[in-house]
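Here's the structure, in structure tokens; my notes come after.
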């Protein structure tokens, strides 16, 4: 039976267990090399000579994608990395954007519910991390304004789509109603802008 997931079903992503590991320097020249099977979606300068790297870890076939975040050290290597949890009943996810405030890192996670594209919903979540150690502080689902029915949503590449402004995160992307996605008479994807106050609260 076909299932549709509400955003409420993703609250499990909030403060459930996570893995944080310290990493050795990638080289002595200050260059950073990601481990095998890890791919970056976005690399963001956060000041003090550090970068937040948002991406995925996958198996050898590129499947079973898990969202990961790496924080580089000034001069090379990684201070820490974290794999963000995904509920077991959802298919896969990827960390696609990162932005820093004075005391926190905010990461956008885009989560796929199914491997089959015709059934899949992509849902959005913001995770707040402690920049000192990568610990998950809080998480919040991103609700698409004015979506009248079950939808799939996505946010494209670029810092302009996930930014801080006046103590809130501004997220811009597109969404499509599931009922319209495969309907040639449907209205097609629409743009959205969502705003989330920060810091997030556990």
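Computed from the coordinates by the stated procedures, all read-outs in this text should not be read as laboratory data. In this text, all values refer to a predicted model and were calculated from it rather than measured experimentally. In this analysis, Cβ positions are derived from the backbone assuming ideal geometry, glycine residues included, and neighbour counts consider all displayed protein chains.
Apply 1/(1 + (r/R0)^6) to the Cβ-Cβ distance of residue 60 and residue 191, taking R0 = 45 Å, and write down the FRET efficiency to the nearest 0.05. Don't skip to the answer; put the middle values down first.
Values: r = 37 Å, r/R0 = 0.82.
Calculated transfer efficiency: 0.75.
Treating the Cα atoms of segment 11-197 as identical point scatterers in vacuum, please give the log10 of the normalised Debye intensity I(q)/I(0) at q = 0.10, 0.13, 0.14 Å⁻¹, two decimals.
So the normalised log intensities work out to -0.41, -0.67, -0.78.
If r is the Cβ-Cβ distance from residue 135 to residue 180 and R0 is 35 Å, what FRET efficiency results, to the nearest 0.05?
Working: r = 40 Å, r/R0 = 1.14.
E between residue 135 and residue 180, to the nearest 0.05, is 0.30.
In what order do 52, 98 fall by count of nearby beta-carbon atoms within 10 Å, going from fewest to most?
Numbers: 52 23, 98 26.
Ascending Cβ contact count within 10 Å gives the list 52, 98.
Could you list the residues of segment 148-168 with an amide nitrogen less than 20 Å from a label point located 7 Å from the Cα of residue 120 in the Cα-to-C-beta direction?
150-158
If one computes the Cα centroid of segment 94-115 and of segment 123-202, what distance in Å separates the two points?
Cα centroid to Cα centroid, the span is 10 Å.
Using Cα pairs closer than 8 Å and at least 6 residues apart in sequence, work out the relative contact order for segment 11-197, in percent. Walk me through the numbers on the way to the answer.
On the way: 457 pairs, mean separation 30.6, N = 187.
Reported relative contact order: 16 percent.
Where does each of 164, 177 land when they are ranked from fewest to most other beta-carbon atoms within 10 angstrom?
Numbers: 164 14, 177 18.
Sorted ascending by nearby Cβ count, the order is 164, 177.
Using a 10 Å cut-off around each Cβ, can you sort 103, 81, 161, 97 from fewest to most neighbouring Cβ atoms?
Working: 103 12, 81 21, 161 18, 97 25.
Listed from fewest to most nearby Cβ atoms, that is 103, 161, 81, 97.
Whole angstrom only: what separates the Cα centroid of segment 31-45 from the Cα centroid of segment 49-79?
Centre-to-centre distance over Cα atoms comes out at 5 Å.
Between residue 170 and residue 45, what length comes free when the chain is fully extended (0.36 nm per residue of separation minus the Cα-Cα distance, one decimal in nm)? Display every interim value, and only then the final one.
Numbers: separation 125, 0.36 × 125 = 45.00 nm, distance 1.81 nm.
Between residue 170 and residue 45, full extension yields an extra 43.2 nm.
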